[in-house]
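First up is the structure itself, then whatever we jot down about it.
The values are calculated or read from the model by the stated rules, or taken from the named source; none is laboratory data. For clarity, every value in this text was computed on a predicted model and none was experimentally measured. Neighbour counts are summed over all protein chains in view; Cβ atoms, including those assigned to glycine, are modelled from backbone coordinates with ideal geometry.
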């Protein structure tokens with residue numbers, strides 16, 4: 001720039017121009033340096049800062065535990081089964097009265113634990129009065145009834161996270177109460193909040209066959225005979241509109257929009273012979289469901305070509321979520337059917353959690369001990385093996401000989417009934433016992449008989 005033009009520039013322009021030229025020189029210098037020098041320079045410049053920052057965040061675990069200076073946690077009585085709804089109501093109230101508003105909610109957090117702690121929610125706050133104000137006029141919670149102050153030493157146990165059972169469509173549950181108590185159900189849909197699910201059940205209907213319309217009722221408050229589900233209930237059968245029309249035609253109507261053959265009968269919805277029902281999670285058994293093979297086959301839908309769409313492989317996969325100690329004992333023959341160790345064959349030596357330790361008996365690794373997750377294992381049987389059903393099936397304690405093996409299912413010929421039964425391989429164990437004593441009814445082996 002010519003010196004005569006300097007007077008025409010605004011104030012500070014000369015300084016800006018000098019800084020731009022300096023920046024251009026720095027960029028040219030950086031471009032001329034090779035990559036290794038740039039990496040070394042950056043390491044020297046920022047390495048010390050990173051190390052200092054890392055050291056600064058290391059805090060002894062004992063200092064992370066709650067103390068008397070931290071907010072208190074109060075246990076508040078609520079209606080059993082409504083714990084999550086109360087927590088969501090608190091969240092909604094905090095959104096309506098956030099910090100900084102005219103009348104904010106002065107609590108830090110609210111949570112519930114369920115299980116043995118059913119009937120309580122826990123609220124973190126500085127003062128008990130703040131908890132009372134936050135829960136004022138809220139339904140299903142009773143802040144004025146025996147509010148409990150959680151001791152500081154018990155706070156870590158209260159806040160310890162436990163892995164919850166995740167409910168997914170296609171999963172299996174059992175009903176806790178009512179006519180369908182103990183029955184297996186398949187999840188069709190899970191609500192967004194996780195509080196309720198839609199399930200598919202095998203109906204238990206008598207289609208009015210046990211009703212006696214003309215019978216007088218001595219006491220209107222007394223239940224009709226047979227209404228107690230624990231005493232007697234109809235067997236499980238697919239819904240039949242023909243049976244329903246015989247006695248309850250006016251209570252039967254076809255519905256649309258649900259897919260398949262849909263009917264509404266006595267206020268309940270039936271699709272393709274199954275009962276479709278909305279239930280709250282607290283009314284379901286979600287852990288240790290252990291569906292039996294004969295139960296699950298009742299849920300198989302037939303396809304157009306006449307074959308069943310029941311995926312036994314996926315079902316066996318879901319059953320592997322049970323504890324390994326219950327399914328695998330030392331000496332059980334197993335094989336690894338997936339993963340990096342796929343194809344290895346051996347015998348189990350010990351189990352811990354979901355990890356099984358096995359001794360390889362075949363192949364290049366024979367004699368070595370390896371660990372494998374229970375989800376990648378299945379018991380290995382051969383045709384002709386004598387086995388015993390150990391659990392998870394109505395055939396428990398049956399003895400027989402293996403006649404067919406297909407993936408995770410094994411078909412055996414029962415020693416007692418001489419009928420073929422199919423069970424999961426996890427429910428079998430090799431056995432030297434025999435289910436017969438050489439005698440069939442009134443005859444012994446080698447008796448002479450006359451055929452008629």
Residues being outside any loop (DSSP other than H, G, I, E, B) and touching a residue at least 60 places away in the same chain (Cβ under 8 Å) - total across segment 138-187: 15
Residue ID - surrounded by the most Cβ atoms within 10 Å (Cβ to Cβ), chosen from residues in segment 375-389 that are in contact with a helix residue (DSSP H, G or I) (Cβ under 9 Å, 6 or more places away or on another chain), touching a residue at least 40 places away in the same chain (Cβ under 8 Å) and in a strand (DSSP E or B): 377
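Residue by residue, here is whether (1) more than 19 Å from residue 153 (Cα to Cα); (2) over 23 Å from the mean Cα position of the chain (by Cα) holds:
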{"position": "71", "(1), (2)": "no, yes"}
{"position": "75", "(1), (2)": "no, yes"}
{"position": "88", "(1), (2)": "yes, no"}
{"position": "93", "(1), (2)": "yes, yes"}
Residue list for segment 92-129, restricted to those being assigned to a helix (DSSP H, G or I) and modelled with pLDDT under 90: 115, 116, 117
Neighbours by Cβ (under 6 Å, 6+ apart or cross-chain): first from segment 390-415, outside the structural domain of residue 432 (by TED's automatic domain parsing) and on the phi > 0 side of the Ramachandran plot; second assigned to a strand (DSSP E or B) and at pLDDT 80 or above: none
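Could you grab me the full set of residues in segment 352-361 that are assigned to a strand (DSSP E or B) and either more than 15 Å from residue 327 (Cβ to Cβ) or in contact with a strand residue (DSSP E or B) (Cβ under 7 Å, 6 or more places away or on another chain) (or both)? Full working, then the answer.
As a first pass, look at segment 352-361 and keep what is assigned to a strand (DSSP E or B): 352, 355-360.
Those that are assigned to a strand (DSSP E or B) and either more than 15 Å from residue 327 (Cβ to Cβ) or in contact with a strand residue (DSSP E or B) (Cβ under 7 Å, 6 or more places away or on another chain) (or both): 355, 356, 357, 358, 359, 360.
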